[in-house]
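Below is one structure, written out as structure tokens; the observations come after it.
The values are calculated or read from the model by the stated rules, or taken from the named source; none is laboratory data. In this text the structure is predicted, and so the values were computed from the model without any measurement. As a convention, Cβ positions derive from the backbone with ideal geometry for all residues, glycine included, and neighbour counts pool all protein chains shown.
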Ligand code: 5GP
């Protein structure tokens with residue numbers, strides 16, 4: 001199957017989680033890699049669905065055993081993508097979508113160079129600030145941490161292959177979906193293209209020879 005990893009990054013409040021959920025609901029050929037984190041769960045989060053919530057000791061042990069394809073500290077907590085999660089989704093014949101920070105995205109691409117990197121850009125600074133403030137879970141201290149990391153995330157945009165403006169959700173979801181479809185048609189990703197082209201050439205050459 002012609003499947004590959006798709007990385008979505010954005011500053012906190014950029015809307016990538018909503019886009020990810022929408023894509024998963026709409027496309028059966030996309031699966032989610034559940035990340036590990038040492039952050040405590042929020043009220044509505046489910047272990048094994050939103051994240052695997054680990055103790056720091058457990059996280060570090062897994063890291064030492066090489067279980068992560070990438071890992072990074074974000075807003076003072078550890079986050080990581082399990083190699084086993086990536087293998088599970090790809091092995092299922094689905095594109096694996098990951099909602100990870102820019103440091104993780106750079107590490108991941110080094111391990112899986114076939115990855116597609118998409119940056120979800122909020123329409124303006126005002127909108128981003130408003131979305132960040134609206135988050136009920138944020139205390140002034142964590143809000144400040146998220147602002148600092150949002151700046152770091154924004155400066156990393158040049159490393160991404162695609163930028164999707166998250167002005168209107170429907171349009172943003174459809175753009176990410178179209179990127180996945182177009183990437184699937186890249187020559188390098190098409191499995192039998194060389195053989196198919198050779199066969200067509202051979203057929204035409206035979207015709208030419210028969211003419212002579
Ligand atoms: P949150 O705690 O709000 O769910 O996520 C905080 C940040 O951590 C987000 O920018 C998210 O993309 C990032 N993140 C979530 N999972 C991972 C992961 O597995 N690896 C990395 N590097 N970042 C992650």
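Here's the yes/no breakdown for (1) within 12 Å of the ligand (Cβ to nearest atom); (2) over 24 Å from residue 180 (Cα atoms):
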{"residue": "66", "(1), (2)": "no, yes"}
{"residue": "85", "(1), (2)": "yes, no"}
{"residue": "88", "(1), (2)": "no, no"}
{"residue": "97", "(1), (2)": "yes, no"}
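Based on this model, can you work out whether residue 52 counts as free of Cβ contacts under 8 Å to residues at least 40 places away in the same chain, within 11 Å of the ligand (Cβ to nearest atom), buried (at least 17 other Cβ atoms within 10 Å of the Cβ) and under 20 Å from the mean Cα position of the chain (by Cα)? Here the answer is yes, as residue 52 does meet what is asked. Annotation note: of 59, 108, 112, the sole residue that is closer than 20 Å to residue 19 by Cβ and within 14 Å of the ligand (Cβ to nearest atom) is 108. Checking the stated criteria, residue 31 turns out not to satisfy the condition of being assigned to a loop (DSSP other than H, G, I, E, B) and surrounded by 15 or more Cβ atoms within 10 Å (Cβ to Cβ). Within segment 6-18, the set of residues being within 12 Å of the ligand (Cβ to nearest atom) and crowded, with 20+ Cβ neighbours inside 10 Å comprises 7, 8, 9, 10, 11, 12, 13, 14, 15, 16. What do you reckon, is residue 165 at pLDDT 95 or above, surrounded by 10 or more Cβ atoms within 10 Å (Cβ to Cβ), closer than 28 Å to residue 80 by Cβ and touching a strand residue (DSSP E or B) at 6+ places or on another chain (Cβ under 6 Å)? No: the conditions fail for residue 165. Name the single residue, out of those in segment 115-135 being in contact with a helix residue (DSSP H, G or I) (Cβ under 7 Å, 6 or more places away or on another chain) and in a strand (DSSP E or B), that is farthest from the ligand (Cβ to nearest atom). Ranking the qualifying residues of segment 115-135, first place goes to 116. Residues in segment 70-83 that are farther than 24 Å from residue 144 by Cβ and more than 9 Å from the ligand (Cβ to nearest atom): 1 in all.
Assessment of segment 151-171 against the conditions (more than 20 Å from the chain's Cα centre (by Cα) and part of a helix (DSSP H, G or I)) yields no matching residue.
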